[in-house]
Amino acid sequence: MTLADFMAACLLDPVHGYYTTRDPLGRGGDFITAPEVSQMFGELIGLCLAQSWVDQGAPDAFALAEAGPGRGTLMADILRATKGVPGFHAAARAHLIEASPTLRAAQATRVPEAVWLDRTDDLPDLPLYLVANEFCDALPVRQFRRDGAGWREVVVGLQDATLSFGLTEAAPLAALSHRLDDTRDGDVVELCPALAPFAATLGDRIARHGGAALIIDYGDWTSLGDTFQAVRDHAATDPLADPGAADLTAHVDFAAIAAACAPARHTRLTPQGVFLERLGIAQRAQALAAGLTGQALEAHITAHRRLTHPAEMGDLFKVIGIYPDGAAPPPGLTA
Ligand code: SAH
């Protein structure tokens, strides 16, 4: 099977899938995400979306949405931080796009008033203010190794009753013809089949109804090299060793998002640390620090550093915004 089929089965199989059967987040879990590191992340995202809503004339009914909301922490922080924005809560309806029943239950404890959706396509025809943090890296990727003017696809199969990687025969591939210019023999590129349709849905809705989307993830402008990885218990592990028991991800190809979101516009790709600093994380961190002492203060300082420092999440994670033609880009991002 292709790597994408393997990834999809491992992550979302109804009985054995990684996300379907567990809550993988937090210190006791396998990995930790920005909203779980500090409340400041969700607060600033919330104010960014609310300012964008104000900038677009404060439409009186809109979908406040999150794709892949994990434990619901980010949406809960967004809602708490925007309570004081006049009219925002009255106009907003929270929508959570989530495939895992286990995580839906966790989200319901934090955002009980939300509406749950299976797919982005099911969002209502309203202005859309959406965030997706570490969602796109969970979308399955196919992997190809360049061989002359063709490509050999990485596949997963059984060899002597053991899961192993293999390669198909080389063949030309129209979907990768644009990569013949910037790759060499032996290079690996990844294609995420679900990514462009996701960005296209956001772009179409935002162009038609207004709104903004913030997509935050690890990755870069183009995909180059093998970024497929498995993480378990906060450490890298063999992706074939124990299917369904480890988180499987790949870096996000932001150029594919940018290309697919027309007729909406997209911002420049911006490092997470720069984005959060522009939104005022230093001031927010200081205000919170004033109420803390001892270990809690130490943890808060560490969390701030973790979100923004280039050697931690600040540079590896990037943000791209999607917004309508004629509107201002979301705060913290530039056209
Ligand atoms: N955004 C959260 C969680 C990231 S983990 C945070 O920052 O903490 C990835 C999330 O995406 C999980 O909630 C997972 O169940 C969900 N997910 C993965 N693939 C999905 C798909 N195809 N459709 C909907 N949700 C998906």
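For segment 115-181, the strands (runs of 3 or more DSSP E) that sit wholly inside it and include 3 or more residues that are under 17 Å from the mean Cα position of the chain (by Cα) are 128-133. Here the condition is being within 12 Å of the ligand (Cβ to nearest atom) and either out of contact with any strand residue (DSSP E or B) (no Cβ under 8 Å at 6 or more places or on another chain) or in contact (Cβ under 8 Å) with a residue 40 or more places away in the chain (or both); of Gly46, Gly84, Gly68, Gly57, it holds for Gly68 alone. Please determine whether any residue of segment 71-79 is among the basic types (Lys, Arg) and out of contact with any strand residue (DSSP E or B) (no Cβ under 6 Å at 6 or more places or on another chain). The answer is no; no qualifying residue exists.
Among the residues of segment 9-17, some residue qualifies, meaning at least one is of a type in the set (A, V, I, L, M) and more than 9 Å from the ligand (Cβ to nearest atom). Selection over segment 87-105 of residues that are near the ligand (Cβ under 9 Å from one of its atoms) and in a helix (DSSP H, G or I) gives a count of 3. If you go through segment 1-48 and keep only what is among the small types (Gly, Ala, Ser) and surrounded by fewer than 20 Cβ atoms within 10 Å (Cβ to Cβ), you end up with Ala8, Ala9, Gly17, Gly26, Gly28, Gly29. In segment 247-257, is there at least one residue being assigned to a helix (DSSP H, G or I) and either among the β-branched types (Val, Ile, Thr) or more than 20 Å from the chain's Cα centre (by Cα) (or both)? Yes, that holds for at least one residue.
Read the figures in this text as sums done on the coordinates, not as results from a lab. The structure displayed is predicted, hence computed values, not measured ones. Every residue, glycine among them, receives a Cβ derived from its backbone with ideal geometry; neighbour counts consider all protein chains shown.
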